[in-house]
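Visitor: Below you will find the structure I want to go over with you.
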Amino acid sequence: MNLILIAVLSLGAIALVIALILYAASKKFAVYEDPRIAQVAEILPQANCGGCGYPGCSGFADACVKADTLDGKNCPVGGSELMAQIATLLGRDAAVSEPMLAVVRCNGSCANRPRTNMYDGAKSCAIAASLYGGETGCSYGCLGCGDCVSVCQFDAIHMNPETGLPEVIEDKCTACGACVKACPKSIIELRAQGKKSRRVYVSCINKDKGAVTRKACSVGCIGCGKCVKACAFEAISLENNLAYIDYNKCKLCRKCVEVCPQHTIIEENFPPRKPKEEAPITTSVEA
């Protein structure tokens, strides 16, 4: 009986000593977390899409609280309204950011870009891109397997069965950037949504010379430079046989659209153009 009592007391003493050691260690090595991090995380959408540039919503909340300013911080899912709530919670100025949207910079549909072979492998753009250049003569264009569709958490991008190209649903797109990262050809880009959702951009990323591009795709950029000359705002650059429109400089005048011989430059959500009036034909009557 005495042995049992001694054993119980010994074990109790050991447990008490260990408990005291653990308590002291927890106090000494305790990591303080600002309670505002949990408050910010609570109002975030918890999409964990990574579009903010941080590892999930908790990482973004931590960065917002620890930063001296919210400049450069943006939750693409919540937008400006959510950032205003975070700014109010933290007592800081709200960061103003222009709404962005995913844009597919390839117009190589089945009609514009004829198929020259057939891919019979795994239905994955990443795998197809590692194996060969694609089913057409353009090695830069969309592979059409839909990796961008599978990674979108917001059902904002679908494959068009007629064109074989992805299409972005503007009302659903949050500009999280998941489709941009998933595309091995880098044909999807985040661009400013634009005033009244109007945008002008070059729908091509082919860097081949003009003759090669024209043979592969009837609407590919041939690098002629006419758009560059037509732009009065220096918004268009030409590099490696490919034109690119800087949306920060573009004034949406659409003169580049009119002069493009390949119809490569896309104009979205603009009203129909007014038909040009033909000059009256004058006839001279001899006396």
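Each reported figure results from applying straightforward, stated rules to the coordinates on display, with no laboratory input. Small disclaimer: the values here were computed from a predicted structure and weren't measured. Cβ atoms come from the backbone with ideal geometry, glycine included; neighbour counts cover every protein chain shown.
Visitor: Excluding Pro35 itself, calculate the net charge of residues whose Cβ lies under 14 Å from the Cβ of Pro35, where each Lys or Arg counts +1 and each Asp or Glu counts -1.
Guide: Neighbourhood net charge equals -2.
Visitor: Once every DSSP H run of n ≥ 4 in the chain is given -39500 (n - 2.57) and the sum is divided by its residues, what mean residue ellipticity at 222 nm do you get, rounded to the nearest 500 deg cm²/dmol?
Guide: It comes out at -9500 deg cm²/dmol, rounded to the nearest 500.
Visitor: Follow-up question, since we're still on this one. What full-extension length gain, to one decimal in nm, is calculated for Lys209 and Ala15 as 0.36 nm per residue of separation minus the Cα-Cα distance?
Guide: Contour length minus Cα-Cα distance gives 62.0 nm.
Visitor: Can you pull the one-decimal nm distance between simple spin-label points at His158 and Ile37, each 7 Å off the Cα toward Cβ?
Guide: Reported label-point gap for His158 and Ile37 is 4.2 nm.
Visitor: Now for a separate question. What's the local net charge at Gly141, with K and R +1, D and E -1, over the other residues with C-beta under 12 Å away?
Guide: Taking every other residue near Gly141 into account, the sum is +3.
Visitor: Which entry in (1) 126; (2) 182; (3) 249 matches volume of the Cα convex hull per residue in Å³ derived from the coordinates of this structure?
Guide: Answer by label: (3).
Visitor: Another question about this same structure. Can you list the lysines whose alpha carbon is less than 24 Å from that of Lys229, not counting same-chain residues fewer than 8 positions off?
Guide: Partners found: Lys207, Lys209, Lys249, Lys251, Lys255, Lys274, Lys276.
Visitor: Test of understanding: what is the full-extension gain from Ala24 to Lys249, defined as 0.36 nm times their sequence separation minus their Cα-Cα distance?
Guide: 74.9 nm
Visitor: Once the other residues with Cβ under 11 Å from the Cβ of Cys231 are scored (Lys, Arg +1; Asp, Glu -1), what is the net sum?
Guide: Net local charge, Cys231 excluded: +4.
Visitor: Provide Ile21, Ile187 in ascending order of the number of other Cβ atoms located within 10 Å of each residue's Cβ, fewest first.
Guide: Ordered from fewest to most neighbouring Cβ atoms within 10 Å, Ile21, Ile187 come out as Ile21, Ile187.
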